[in-house]
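For reference, the structure is listed below as structure tokens.
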Amino acid sequence: DEQGRGGTPGNVYLIFVESYGETLFENPRHFETIAPVLRRLSANPRFSAASRYLRSPTVSGSSWLAHGTLAGGVMTDSHLKFNLLLASRVKPLAHYFNAAGYRTVGVMPGTKTPRPEDRWFAFQQTYDANNLGYRGPAYGWATMPDQFVLDALCRKEIRNAASPLFIQFV
């Protein structure tokens, strides 16, 4: 993010691209659709990105295990381990961003009901299907289009941010 120049902390956006994201890079037919965008972004000196495939602790659902693994730095490949993580003294990633003066935001547009375990993730603000403001029809299996969510984040958080942001978008 461009705020990262000159010693000022820049925004950090952690975006989970679940399952299908790998095909963009592994399948040449899919990659050709995103290659021009990647070239444009790479040419912009104000933009930097890092991406990596991680060994997920889960397949075919239960993605909160992957979110817990990344946030806590501890492999949580079962519901028992996830519950133990929540009850532990392990601090989640957002805790460290909070301590560094960032505004921390969790974005889970597929979540339709409040989850008590979300307190452990320590975000100052959490957006879900109920508070993003989407009023259209469901979009495939998702509750809303990603483009809508990204626009809502820009309007609600990014445009007028008073401090650096750590946003985790699931």
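Computing the accessible area with a 1.4 Å probe over protein heavy atoms, can you report the carbon and sulfur percentage for segment 129-170?
About 54 percent, which is the carbon plus sulfur part of the accessible surface.
If I ignore ligands, DNA and RNA and count only protein heavy atoms, how much of Thr33 is accessible to a 1.4 Å probe, in Å² to the nearest 10?
100 Å²
Which trypsin sites (Lys or Arg not before Pro) in segment 73-170 pass both tests, a DSSP loop state and at most 15 other beta-carbon atoms within 10 Å?
Within segment 73-170, the qualifying trypsin sites (Lys or Arg not before Pro) (loop, at most 15 other Cβ atoms within 10 Å) are Arg89, Lys112, Arg135, Arg159.
Determine the sum of side-chain charges near Pro109: Lys and Arg each +1, Asp and Glu each -1, restricted to other residues whose C-beta is under 11 angstrom from that of Pro109.
Residues near Pro109 contribute -1 overall.
The values are calculated or read from the model by the stated rules, or taken from the named source; none is laboratory data. Everything quoted here is computed from the prediction, not taken from an experiment. All Cβ positions, even for glycine, are placed from backbone atoms using ideal geometry, and neighbour counts span all protein chains on display. Quick note on the areas: whole protein, heavy atoms, side chains included, nothing else; ligands and nucleic acids left out. Shrake-Rupley method; radii C 1.70, N 1.55, O 1.52, S 1.80 Å.
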